[in-house]
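Structure first, then comments.
The values are calculated or read from the model by the stated rules, or taken from the named source; none is laboratory data. As the structure is a computational prediction, the values presented were derived from the model and not from experiment. In this analysis, Cβ positions are derived from the backbone assuming ideal geometry, glycine residues included, and neighbour counts consider all displayed protein chains.
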Amino acid sequence: MTTVYEVIRNPKLSRPARLLFAVLISYANGEYYANPSRERLRANLGYGNVSGISRLLTELENANLVRRIFRQHVEVGYAGSRSYGYLLNVD
């Protein structure tokens, strides 16, 4: 596990990825699980589209700081929607 301080000061991560990590921390519960949409993250960081957020999430995943957790929301008679939650690897 990594401390938040180590992530924020890590020169190997891009500045936008470090900022996204801080935003994810602000959404996280006590178990470091966060569930904001990519659209909400896009708005928080002021990005024009969500593809930039996806690239930053991939950067954080590759650094073993975030793990995306797929969630399928199923309703009776309807396929439902899909979303991701994020498990942060910090202490």
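Would you check which residues across the stretch 23-39 are assigned to a helix (DSSP H, G or I) and surrounded by 14 or more Cβ atoms within 10 Å (Cβ to Cβ) and list them?
The answer is Val23, Leu24, Ile25, Tyr27, Arg38.
What pairs come up if the first residue lies in the stretch 1-30 and is within 18 Å of Ser51 (Cβ to Cβ), the second is of a type in the set (D, E, K, R), and their beta carbons are under 7 Å apart, counting only those six or more places apart or on different chains?
Ser14/Glu59; Ala17/Glu59
Which condition from (1) in contact with a Leu (Cβ under 8 Å, 6 or more places away or on another chain); (2) at pLDDT 90 or above; (3) not in a loop (DSSP other than H, G, I, E, B) is the one that Ser54 breaks?
Every listed condition holds for Ser54 apart from (1).
For the stretch 12-29, indicate whether the set of residues that are closer than 18 Å to Ser83 by Cβ and hydroxyl-bearing (Ser, Thr, Tyr) is non-empty.
Yes, the stretch 12-29 contains a residue that is closer than 18 Å to Ser83 by Cβ and hydroxyl-bearing (Ser, Thr, Tyr).
Please determine, by comparing only the residues of the stretch 57-69 that are assigned to a loop (DSSP other than H, G, I, E, B) and of a type in the set (A, V, I, L, M), which one is surrounded by the most Cβ atoms within 10 Å (Cβ to Cβ). Steps first, please.
Applying the first criterion (assigned to a loop (DSSP other than H, G, I, E, B)) to the stretch 57-69 yields 63-65.
Checking the rest, the ones that are also of a type in the set (A, V, I, L, M) come to 63, 65.
Values: Ala63: 16, Leu65: 24.
Checking each candidate, the answer is Leu65.
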